[in-house]
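The values are calculated or read from the model by the stated rules, or taken from the named source; none is laboratory data. Being a predicted model, the structure only gives us computed values, none of them experimental. All Cβ positions, even for glycine, are placed from backbone atoms using ideal geometry, and neighbour counts span all protein chains on display. Areas reflect the complete protein model, heavy atoms only, side chains present, ligands, DNA and RNA absent. Shrake-Rupley method; radii C 1.70, N 1.55, O 1.52, S 1.80 Å.
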Amino acid sequence: MKKLLINKIGFISTIGFAVVTAFTIASCVASQKVASKSGAQLWAENCQHCHNTPAPGSFSGDQWETIGMHMQTRALITESERNKIVEFLQAAR
Amino acid sequence: MENYIWNKRKRVSTVGILTVATWCLVFNLADAQQMLTREEQAKKDSVTDARIAMLEKHAALHKPGLDHFVVVGLTTFGYASGKTTSNDGSAPLKASAFGTDSYEFSPMLLWRQGKKVLLEFEPSFNNDGVGVNWAAISYFAKPNLIFRGGYFVVPFGMYTKKLAAAWINKVATDPIGLPTAQDYGFGVSGGLPLGSMKWNYDLAVTNGLTIDPTVNNGTLTNVNLGAAARNKTFVGRLGLLPFSNNSLEIGVSGMTGGVSNGNMTYADVRANLYAFDLNYVKNLSPVLINVKSQYNVVDVGTATYVNPLDATKSYTFNNSSTSGYGQLSIRPTESQIDFIKNLELAFRYGQYNTPKNSVWGANTTQTDYGLNYWINWRTVVRVTYEVLNSKSTVDQSLFTSPVPNTKTQAFHIQFSIQL
């Protein structure tokens, strides 16, 4: 009986978690304010979250592409943010 | 005469026929030759086309900018001098040396293929020898969905994965009591917008933890690639950045898994770990404020262990540990004087409470005062003064002589650069 109850709670929890996750992911869109941020602004905000903001001349344009991917895996910035930051760093070199 | 004429006509006709036949033959031969030449040319053309197509296909695999190799990583070296005193009346123990964290060369090799695949490999050379910090492959499947496999820092808390590098850290040492590091496994991660907020997820299945078989006292260690490597551990972190300016991130982490790793003594023993972290970085004119914090809980199920004084006896204890730290650093980024602008003051306080009545029970506090000078954005010279106070909570009956309380004071000078 106890096992059945635990299974039932586990099942309801799993369904509940799945529903919440699905709703959360479905609502994952950036507001206009966030979506309109420039690469320079995102560079200033996101990089200094962990370390000093890097100088654009520190790496070549192609290297920034690779480092952008590396930073996306570490800092878990969105792909849109990564692309804007990399474009800014390449342009500002 | 008539016969002569007939013969002549016959000869003329024969010559004519032969002439026409010869011309026909010549024309046919020429035509055949021409056809042959055309066929050969066509054949040659098709071979050339195929070759060109193959070369183009080959060249497409090496488009400029699509596969790249970059070396980053870090190097750190420094000097530490410390003194440990205890309340058992023994003479102070002094030591001056390069510490483990103070002598390190860890180049990180990044290689990407196109925009979908990234390989990260970070060997590490330090006082302990040669090791590997990171060896993983990531596949960028969707805009905010990354699959990862290999050997990597497990997604538990914020410090170990994001802040531990010496050129990022604000003081010369790590906070005490961090429960996890690297492990083998695979995972999925990504960052997603959420209106004006942002959130991220980082989940993994790893070979996980086991009760250390070498000391058999309840401490946890990584299975790594152990012979059995059973009881996979599920670990993950969810982060939320509630403000649109990305200034604040709060995170919650969890980790769970069996710890027996094939040892039937601990068949039903599980470890459950939790962590909460906070990261706040804000320009509050004229200074840059930086606040970091993490709190960890480690709960390991009840088990019995071999008495170190008498192997025929056993003992047990509540195997629960807590640790945490808070750190504040301030940098006058808007100063008109470059020297002042490059300075950063740091303070960190940490606490680590290991299980009472175990052979490793202690309540330890860690206090750090640091001053950093940033030569540029990725190069720092720092001094740190650290005090560690440890009050023993062991079961004294498990020892032949009392375990004293200790106090360690250490002074660190450190130079670190991102390669």
>> All but one of (1) open to solvent by 30 Å² or more (accessible area, probe 1.4 Å); (2) within 9 Å of chain B (Cβ to nearest Cβ) hold for residue A:32; state the number of the condition that does not hold.
In response: (2)
> Does the stretch B:175-199 hold any residues that are touching a helix residue (DSSP H, G or I) at 6+ places or on another chain (Cβ under 7 Å), open to solvent by 20 Å² or more (accessible area, probe 1.4 Å) and within 24 Å of residue B:209 (Cβ to Cβ), and which are they?
Replying inline: B:178, B:181
> Of all residues in the stretch B:134-168, which are among the polar types (S, T, N, Q), within 16 Å of the chain's Cα centre (by Cα) and either part of a loop (DSSP other than H, G, I, E, B) or closer than 14 Å to residue A:73 by Cβ (or both)?
Replying inline: B:138
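For every residue, the table says whether it meets (1) among the charged types (D, E, K, R); (2) closer than 30 Å to residue A:50 by Cα; (3) touching a Cys at 6+ places or on another chain (Cβ under 7 Å).
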| site | (1), (2), (3) |
| --- | --- |
| B:371 | no, yes, no |
| B:378 | yes, yes, no |
| B:399 | no, no, no |
| B:403 | no, no, no |
| B:406 | no, no, no |
| B:410 | no, yes, no |
| B:413 | no, yes, no |
| B:419 | no, yes, no |
> Quick one: in the stretch B:364-395, which of the residues that are away from chain A (no Cβ under 14 Å) and among the charged types (D, E, K, R) is most open to solvent (accessible area, probe 1.4 Å)?
Replying inline: B:391
> Does residue B:179 satisfy the criteria of being more than 20 Å from residue B:156 (Cα to Cα), more than 14 Å from chain A (Cβ to nearest Cβ) and in a loop (DSSP other than H, G, I, E, B)?
Replying inline: no
>> Give me the residue from the stretch A:60-77 that is touching a Gly at 6+ places or on another chain (Cβ under 9 Å) and not in a helix (DSSP H, G or I) and, out of that set, farthest from the other protein chains (Cβ to nearest Cβ).
In response: A:77
> What is the one condition in (1) within 14 Å of another protein chain (Cβ to nearest Cβ); (2) in a strand (DSSP E or B) that residue B:205 does not satisfy?
Replying inline: (1)
>> Please go through the stretch B:260-288 and give me each residue that is part of a strand (DSSP E or B) and open to solvent by less than 30 Å² (accessible area, probe 1.4 Å), ordered by number.
In response: B:271, B:273, B:275, B:277, B:279, B:281, B:288
> Taking strands (runs of 3 or more DSSP E) that do not extend beyond the stretch B:317-419, which have at least 3 residues that are farther than 21 Å from residue B:291 by Cβ?
Replying inline: B:362-376, B:379-392, B:406-418
>> For the stretch B:347-363, check the following and say yes or no: at least one residue is within 14 Å of chain A (Cβ to nearest Cβ), closer than 24 Å to residue B:178 by Cβ and either touching a Ser or Thr at 6+ places or on another chain (Cβ under 7 Å) or buried (at least 16 other Cβ atoms within 10 Å of the Cβ) (or both).
In response: no
